[in-house]
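One structure is given below, encoded as structure tokens.
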Amino acid sequence: MPLLPVVQLSFVHVAEHSGKLYGSNETEDWYMDDDGGPSFWWRDPTVRHLVSTYGENNLPLPTQRRLRGLLQNGDLDPGMVYRLNEYVNSLQAGTIASADQLLSDFSRRESKVERRWTVWRNAALIIEGAVVGTALGAIFVVPFTPLHFAIWAAAFLLAVPSIWLVARRRTTYFSSARWEAMHDKLSRLDPPVNSSV
């Protein structure tokens, strides 16, 4: 039997209209479709921390608002928001000029990490392929020597990390191309604010 969502609904009679609307800063109801796991409850404190850290660099309020909008619009997946938080924590105060510059620098860093990860992954798979090919070829070379057993053991031991590399879910990085697409879309809707204004 498939799992069915359960809703608990209660009606309360109020004497007047609510002073706080859905999605306001006070209610923090940002995620209309947050109807089960994985929840976005952690995202608001992370975004608040990022904006407060960003604000410590004495940037104007419009620039801080732009950063909050960029982070809360959902273009960054949870892993990206977490890594952005780590990146901001690693920066020295006063090094951030604008929200766009921060995300541009972060995207360059993410692109480097993605390239490095891809090189390591491909190198590991090539080495495993070479060792497995050698191990299979060694079956036909008799008599068996300790070298045969060493090659077979190496092929077996390297199989575990190789299977993990192939089977694991690939991390989505905030690459430079992704930032450019997001920046173009946002520039049409909301022109960037320069911190010197």
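The values are calculated or read from the model by the stated rules, or taken from the named source; none is laboratory data. In this text the structure is predicted, and so the values were computed from the model without any measurement. Here the Cβ is made from the backbone with ideal geometry for all residues, glycine too, and neighbour counts use every protein chain on show.
Can you tell me which residue is modelled with the lowest pLDDT among those in segment 74-104 that are in a loop (DSSP other than H, G, I, E, B) and under 24 Å from Arg169 (Cα atoms)?
The extreme case among them is Gly74.
Is at least one residue of segment 182-190 surrounded by 11 or more Cβ atoms within 10 Å (Cβ to Cβ), modelled with pLDDT under 80 and not in a helix (DSSP H, G or I)?
Within segment 182-190, one or more residues are surrounded by 11 or more Cβ atoms within 10 Å (Cβ to Cβ), modelled with pLDDT under 80 and not in a helix (DSSP H, G or I).
Is it the case that Ser162 is at pLDDT 90 or above and surrounded by 14 or more Cβ atoms within 10 Å (Cβ to Cβ)?
No, not satisfied.
Per-residue answers, yes or no, for (1) of a type in the set (S, T, N, Q); (2) part of a helix (DSSP H, G or I); (3) in contact with a Pro (Cβ under 6 Å, 6 or more places away or on another chain):
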| site | (1), (2), (3) |
| --- | --- |
| Leu136 | no, yes, no |
| Val141 | no, no, no |
| Ala150 | no, yes, no |
| Ala155 | no, yes, no |
| Val160 | no, yes, no |
| Leu165 | no, yes, no |
| Thr171 | yes, no, no |
| Ala177 | no, yes, no |
